[in-house]
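Heads up, the thing below is written out as structure tokens.
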Amino acid sequence: MPLEAGLFAYAAMANLALANPRHRKAPLPPVTFDTRGARAMGIALLAISILFAFTRFGAYQGAVAWIGMTSIAGVALVLLMSRWPRLALGLWLPATAIAALCLIG
Amino acid sequence: MKGNGVRQSMAWIHGWLGLIAGWILFAMFLTGTASYFRPEITRWMQPELAATPVSPDRAAQSAVDHLQAISPDDELWSLFLPDDRTHATRIFSRARANPDPDAPPPPRRPELRLDPATGQPLTARETKGGEHFYRFHFQLQIPHPWGRWLAGLCAIFMLGAIISGVITHKRIFVDFFMLRWNKGQRSWLDAHNVSAVLALPFHAMITYTGLITLVLMYMPWPITANYAEPAAFHAEAFGEDPEVEPSGRHVPLVPIAPLVRAASAEWQGGRASRVFIHNPNDATATVTIVRHGADTLNARSASITYSGADGRRLSASPAQGAGLATAGVMLGLHVGWFAGPALRWTYFLLGLTGTTMVGTGLLLWTAKRRKGATPFFGFRLVERLNIGAIACLPAGMAAFLLANRLIPANMAGRADMEVAAMFWTWFGLAALSLLRPARRAWTQCLTIAAVAFAAVPLVNALTTDRGLPESLVTGDGLFIGFDLAMIAIATLLGFGAWRASRVPAVITRKRTARPPVLSPAPEMADAA
Amino acid sequence: MTGRAVRTHMVARCATALVGGYAAAAGIASLIARLLPVPRVEATAWGMILSFLIYACFGLWAFHQPRLSVVAAVIWGSAALSIAALFLLGVRA
């Protein structure tokens, strides 16, 4: 599946939101790092999503794919967060898991 | 503009640029977004055609065989070969002009669509297909060249609005994830910010590259600074040879399939997408084969020219330097021919985000001024135009698709009737909506649009044998995807209608719950 | 200023931004194309690519600078100077 980059980007941005006190409100999702951990996780996942965008789509399309999918993942996250913040932020773990499974499978 | 800071002046100009160009930009964004599925829409609109994948060399040969039979003495044959997204060979041919200089130029022939396997004309309903949305996107159904100029003017307004919007919006990263519902003006500002900021790279790219697609028309002056003859620039940049006068000596055209295979081999397996044959069956005949855009980001594809008299390789398009390659990549980024299914859907969603940005910007303008005691004329005008663009255009687009199924397949002039159905529905609905109070008009127009889109899969199932159940059984991905997309769009529009019907109640409740905030929050002043 | 004078100024400002900005962008982009020390086909491409950015910047600046006289002088002046320079230079050999 060519969507790993987008799933990783979603997980990354959910973590970056969790690192921001404005969006870090109780009740938190079941698996949540502290603020600094979430920021580190967010940056790490963002790096992973870049990596897989490029390995999947090649050098030129990779940049297009990463920027585009990250934007769409951000829009999806914000839309979900506006209604179900805990679910939206908690989805970072399933998103990462599905992306990782796609890579293995 | 009144104000001293750069942020104030940029906020002022941002508002005016968006307001003046907003409605046309909304239509350009929406139809342009649909155009990412141009070949798919065309295939959906000719349901009687079945897909038979044919290799480019065979399609080229069958097309040339057909042209040899019907008009062997033409000046130019342009063949657009099928690929995995299009299943017809499209042909534009140009007859040789009468040598008498006083004779009128030969009339433009209509596009010819052939079955790639047999080379026989396709027998399918006459339709503009996805080409209609594509053309409207930058020509706006206005006579040439004015539609393109108007689209270009709106695009440069959009570029100005993007730059001024970025300068205005100081808290770009703070508000990144903030979207709050049921807060009136604040919600529209949130939605405008989120859709603009999250997809900002796309918006900036698509606007700038959109201008680049027609740069030769909008900004030809750098060419005149360097070239006495514009044709010399075209030859140097794109390898387009100036047209050669025919010798008048008849030499039959060489078989075309081996040339297509030779070009493909030279590109290490890259596909051929277009073939241009000048002066066929003459000693000066040339065959130019252009590479398919799906292989590279650069849409100014490489080409190779062969002699049509003996099949010799004559020349190839020049290697592009950094500037030309940049322009070619910009063009490629705009049209997205390189995008496979995943990237194409990404492009589609990004286009919808851009449409949302323009639409929420227009709605923000009215939301901000709604509190005034008496709605002034400008306010009512903007509100009505918002309804006409945002709620009525989608209804028109659905009408175009419905007309394709409802107008009898063999009726004469049906392609133009489909187009007329779109504009009559769009503008007719907008005119009718004037009879209703604005809030009712929003709800009712959005409901009509939702119903129209929901009707597309139903009408398709009733009028063809490719309805959703059959498509699911046969695994017809295109028709399944199309039906599901129609249902999704109908749901979205229905949700919009539902929200439009209940918004004021929520605001009233909020107003009674706590005193209204009289001074606008600083963030609101930002995007003023 | 009276309402009428304000309107006249605004019309002049819009015309300067839209028409003058285009002329200035066309002139400067062509000058870039003419003078850039790379093959002329490349220089032409860069000029065309940059033209819209120049246009947008002129257009926005026209509404930022409060003094209309400065706006008009800079934009129409850039247009006149760059186009005059192009005529003096002539087409690239």
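Taken together, the values in this text are just the output of simple stated rules run on the coordinates, not laboratory data. If you're wondering where the values come from, they're calculated on a predicted model, not measured in any experiment. Using ideal geometry, Cβ is built from the backbone for each residue, glycine included, and neighbour counts are taken over all protein chains shown.
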Check: Does region B:111-240 come out rounded, prolate or oblate by the C-alpha gyration tensor, with a ≥ b ≥ c the root eigenvalues, rounded set by a/c under 1.5 and, if not, prolate when a/b is larger than b/c and oblate if not?
Finding: oblate
Note to self: For a Förster distance of 35 Å, can you work out the FRET efficiency between the beta-carbons of B:Phe423 and B:Ala488, rounded to the nearest 0.05?
What the structure shows: 0.90
Next item on the list: Let me know the whole percent of all Cα-Cα pairs from region A:4-104 that are separated by more than 17 Å.
Entry: 47 percent
Check: In whole Å, what is the distance between the alpha-carbon centres of region B:395-438 and region B:319-389?
Finding: 23 Å
Next item on the list: Can you work out the PRE-style zone for C:Thr8? Point 7 Å along Cα to Cβ, and I want the residues of region C:64-93 with backbone N under 15 Å.
Entry: C:68-69
Next item on the list: Could you tell me how many degrees, from 0 to 90 and to the nearest 10, lie between the Cα long axis of helix B:200-213 and the main elongation axis, the longest principal axis, of the Cα atoms of chain B?
Entry: 40 degrees
Next item on the list: Count charges around B:Ser247 for me, please; just the other residues with Cβ under 14 Å from its Cβ, Lys/Arg as +1, Asp/Glu as -1.
Entry: -4
Notebook entry, point to check: Any idea what angle helix B:392-406 forms with the longest principal axis of chain B, computed on alpha-carbon atoms, 0 to 90 degrees, nearest 10?
Noted result: 40 degrees
Next item on the list: Bin width 10 Å, alpha-carbon pairs only: give the P(r) of region B:164-241 as whole percents, running from 0 to the bin holding the largest distance.
Entry: 15, 30, 18, 15, 15, 7, 0
Next item on the list: Would you calculate the separation in nanometres between label points at B:Ala283 and A:Phe33, each defined as 7 Å from the Cα along the Cα-to-beta-carbon direction?
Entry: 7.6 nm
Next item on the list: In whole Å, largest first, what are the principal axis extents of the Cα atoms in region B:1-74?
Entry: 71, 32, 19
Item checked: Added length on full extension, which subtracts the Cα-Cα distance from 0.36 nm per residue, B:Arg370 to B:Asp84 -> 97.9 nm
Checklist line | Directionally averaged shadow of the protein assembly as shown, computed from the convex hull of its alpha-carbon atoms, nm² | finding: 36.8 nm²
Next item on the list: Rounded to the nearest Å, what's the spacing between the alpha carbon centres of region B:159-205 and region C:33-93? Just the number, please.
Entry: 31 Å
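If you average the sequence gap of Cα pairs under 8 Å that are 6 or more apart and divide by the length of chain B, what percent do you get for the contact order?
Working: 796 pairs, mean separation 91.3, N = 528.
Reported as a whole number, the value is 17 percent.
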Checklist line | 10 Å binning of all Cα-Cα separations within chain B, expressed as whole percents from 0 upward | finding: 3, 16, 25, 24, 17, 10, 4, 1, 0
Notebook entry, point to check: Ordered by packing density, taken as the mean number of other Cβ atoms within 10 Å over each peptide's residues, highest first, how do B:407-417, B:40-50, B:347-357 rank?
Noted result: B:347-357, B:40-50, B:407-417
Notebook entry, point to check: Is there a simple number for the mean count of other chain Cβ atoms within 10 Å of the Cβ of residues in A:14-25, and what is it?
Noted result: 2
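If Lys and Arg each add +1 and Asp and Glu each add -1, what is the summed charge of the other residues whose beta carbon sits under 13 Å from the beta carbon of B:Asn226?
Residues near B:Asn226 contribute 0 overall.
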Notebook entry, point to check: To the nearest 10 degrees, how steeply does helix A:92-104 sit against the main Cα axis of chain A, on a 0 to 90 scale?
Noted result: 20 degrees
Margin query: Give me the one-decimal nm value for the distance between modelled label points at B:Asp65 and A:Leu103, 7 Å along each residue's Cα-to-Cβ direction.
Written below: 5.1 nm
Item checked: Distance from region B:254-286 to region A:27-41 (C-alpha centre basis), Å -> 60 Å
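What FRET efficiency do you get for B:Arg96 and C:Leu88 if R0 is 51 Å and r is their Cβ-Cβ distance, rounded to the nearest 0.05?
Result of the calculation: an efficiency of 0.70.
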Check: Per the helix-only calculation at 222 nm, which mean residue ellipticity applies to chain B, given -39500 (n - 2.57) for every DSSP H run of n ≥ 4 and division by its residues, nearest 500 deg cm²/dmol?
Finding: -19000 deg cm²/dmol
Margin query: For the pair B:Ala265/A:Leu51, report the inter-label distance in nm, with labels modelled 7 Å from Cα in the Cβ direction.
Written below: 4.2 nm
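Considering every residue in A:69-80, what mean count of other chain Cβ atoms within 10 Å of its Cβ is obtained?
Mean shielding by partner chains, rounded to a whole number: 6.
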Notebook entry, point to check: How compact and how long is chain C, expressed as Rg and Dmax of its alpha-carbon atoms in Å?
Noted result: 15.3, 54
Check: Averaged over peptide B:224-236, how many Cβ atoms belonging to another chain are found within 10 Å of each residue's Cβ?
Finding: 5
